[in-house]
Amino acid sequence: MNYLNNYTLTSIAIDDEPIALQIVQSHAAKVPFLTLKATFTDAFKAMDYLQKEAVDLIFLDIKMPDISGLDFLKSLNRKPLVIFTTAYTEHAVISFELDAVDYLLKPFSLARFLKACNKANELFQLRNTGVPDHIFIKTGYEQVKVRFEDIYYIEAEGNYVNFVLKNSKLLSRMTFSETENSLPKNKFIRIHRSYMAARAHIDKIERHQVLVNGTILPVGDSYIQNLSMFEQKRP
């Protein structure tokens, strides 16, 4: 779809703090593939707007009066892409479970804002170019079709890669690099030199480990930054 090459993402921003909205406006004006159509300090007015207008992306504060950003998102029948903006970190995991594109911790820089927008643009492109929802995994002489949603995590085992699935495991003679390149980045995340995890199945995140469907997986020091949705300032 060549038209997507010049497509501009339409967006709105919702935050009960006018200064926060001004920052989003200022940053958004500098992103060439983004158009900020409207801003709202009242989430219910934003909800009414979305009943009449379609947008591709919402910049959404989490802690707001009357309704939280999380509940706001859950209430939408047609959910655009969402980037959460917040001064708090305690809702990071649940926002991740709601398939948020990113989690911006206030105060965020233009560079960090642009990184989140690039993620949203990449995901939008993927969703609108007929990207498949499965992969064919070679096991022995067979090619087994596996849906992305059925993969919990992937583990390197010598010259093989072990796909841990919903109800089984598949061992394939692939390099870890080949495996990583064959999986969509919006669904899987590299957490260790020997592990990738399905974003949708991560139940808990700690600094050096994640919990995936009851299994603890290590997080390598050089891959902590990959969990960028959970970025926060550290002392």
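Residues in region 100-115 that are part of a loop (DSSP other than H, G, I, E, B) and farther than 8 Å from Ile83 by Cβ: 4 in all. Within region 165-178, one or more residues are surrounded by fewer than 18 Cβ atoms within 10 Å (Cβ to Cβ), assigned to a helix (DSSP H, G or I) and not charged (D, E, K, R).
Could you go through region 209-226 and let me know if any residue there is surrounded by 18 or more Cβ atoms within 10 Å (Cβ to Cβ), under 20 Å from Ala100 (Cα atoms) and either in contact with a helix residue (DSSP H, G or I) (Cβ under 8 Å, 6 or more places away or on another chain) or hydroxyl-bearing (Ser, Thr, Tyr) (or both). Yes, region 209-226 contains a residue that is surrounded by 18 or more Cβ atoms within 10 Å (Cβ to Cβ), under 20 Å from Ala100 (Cα atoms) and either in contact with a helix residue (DSSP H, G or I) (Cβ under 8 Å, 6 or more places away or on another chain) or hydroxyl-bearing (Ser, Thr, Tyr) (or both).
We did not get these values from a lab; they are worked out from the coordinates using the rules stated. Please read these numbers as outputs of a predicted model, since none were measured by experiment. Neighbour counts are summed over all protein chains in view; Cβ atoms, including those assigned to glycine, are modelled from backbone coordinates with ideal geometry.
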